[in-house]
Amino acid sequence: MANLLKIQTSLFQQDGQSSRLADSFASQWLEKNPGGTVTSRDLAAQPVPHLDMERFQAFTTPEEERTPAQRAVADFSQALIDEISAADVLVLGVPMYNFSVPSTLSTYFDHIARAGITFRYTPDGPQGLLTGKKAVVFITRGGIYGEDHAQTAYIRQMLGFIGITDVELIHAEGLAVGEDSRQQALESAQQKMALAAQAA
Ligand SMILES: Cc1cc2nc3c(=O)[nH]c(=O)nc-3n(C[C@H](O)[C@H](O)[C@H](O)COP(=O)(O)O)c2cc1C
């Protein structure tokens, strides 16, 4: 049975344009995959705690030596990893905040990029371990920066680092430029979304 993980990050939660696009994708994907399951994670509604030294040390402490508090931290990270590992398809809604991704998403990545679990070091460089997945990412922006932008590159690099290399990025830009620009961008993103949902 196919499993889709939907991750949204807009501070407007369900009302964010990126969340709506991700939602529509999930609904259309479910129509095409009856019996499939959709798991939703809203990083704005339920942010992952910021990574600090104590949390990081919990990750690097051998399992049998962890204190109860460290075990709780590692178990939380492992639950996030189990969730993404179980997904065949990943859909992300990602607005641009201050030229980058929302910090909630960056913090999420801090918790799932774990050496020996989701990637490993090899003589040829790091190797991602979450292979065989497809990701569709909706990037929404108030301005227009194009697809050749550090935000886009970061998302692709981060997903690739953990082994997710089949990534489709759908941009809806210029949402704050004016009503026409906004309508056009959203319509274009919706068309691309429908095609991506058929193909996933
Ligand atoms: C805190 C914050 C920072 C933002 N920074 C940028 C930015 O750097 N560049 C940009 O084009 N739009 C920026 N925007 C606008 C959002 O990218 C835009 O409103 C987008 O549609 C939000 O997506 P959402 O509806 O999914 O939340 C920012 C919005 C907020 C709330």
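Computed from the coordinates by the stated procedures, all read-outs in this text should not be read as laboratory data. Model, not experiment: these values are computed from the prediction. Reconstructed Cβ throughout: ideal geometry from the backbone, glycine too, with neighbour counts over all protein chains shown.
Hey, rough spin-label estimate for R120 and Q198, points 7 angstrom out along Cα→Cβ, what's it come to in nanometres?
4.1
Return one number: the angle in degrees, 0 to 90 and rounded to the nearest 10, between the long axis of the Cα atoms of helix 103-112 and the longest principal axis of the Cα atoms of the chain.
With rounding to tens, the tilt is 40 degrees.
Within 10 Å of each residue's Cβ, count the other Cβ atoms and sort F99, F138 from fewest upward.
Least crowded to most crowded, the residues run F99, F138.
Taking the chain as the reference, fit the longest principal axis to its C-alpha atoms, fit the long axis of helix 150-161 to the helix C-alpha atoms, and give the angle between the two in degrees, 0 to 90, nearest 10.
Roughly 40 degrees between the two axes.
I need to check one value: relative contact order of the chain, counting alpha carbon pairs closer than 8 Å and at least 6 residues apart, in percent.
Relative contact order comes out at 24 percent.
In whole Å, what are the extents of segment 3-199 along the principal axes defined by its C-alpha atoms, from largest to smallest?
So the extents along the principal axes, rounded to whole Å, are 59, 38, 36.
I need E173, E63, E168, E31 ordered by Cβ neighbour count within 10 Å, fewest first.
With the sparsest Cβ surroundings first, the list reads E63, E31, E168, E173.
Got a sec? How would I112, I117 order by Cβ neighbour count within 10 Å, fewest to most?
I117, I112
Note down the magnitude of the dipole of the chain about its Cα centre, charges +1 on Lys and Arg C-beta and -1 on Asp and Glu C-beta and zero elsewhere, to the nearest 20 debye.
140
Pairing the Cα long axis of helix 17-32 with the longest principal axis of the chain, what angle in degrees results, from 0 to 90 and rounded to the nearest 10?
Taking Cα atoms only, the helix is inclined about 90 degrees.
Summing Lys, Arg as +1 and Asp, Glu as -1, what charge do residues with Cβ under 13 Å from the Cβ of G143 carry, G143 excluded?
Charge balance near G143 sits at +1.
I'd like the antiparallel share, as a percent to the nearest 5, of DSSP beta bridges with both residues in the chain.
Close to 15 percent.
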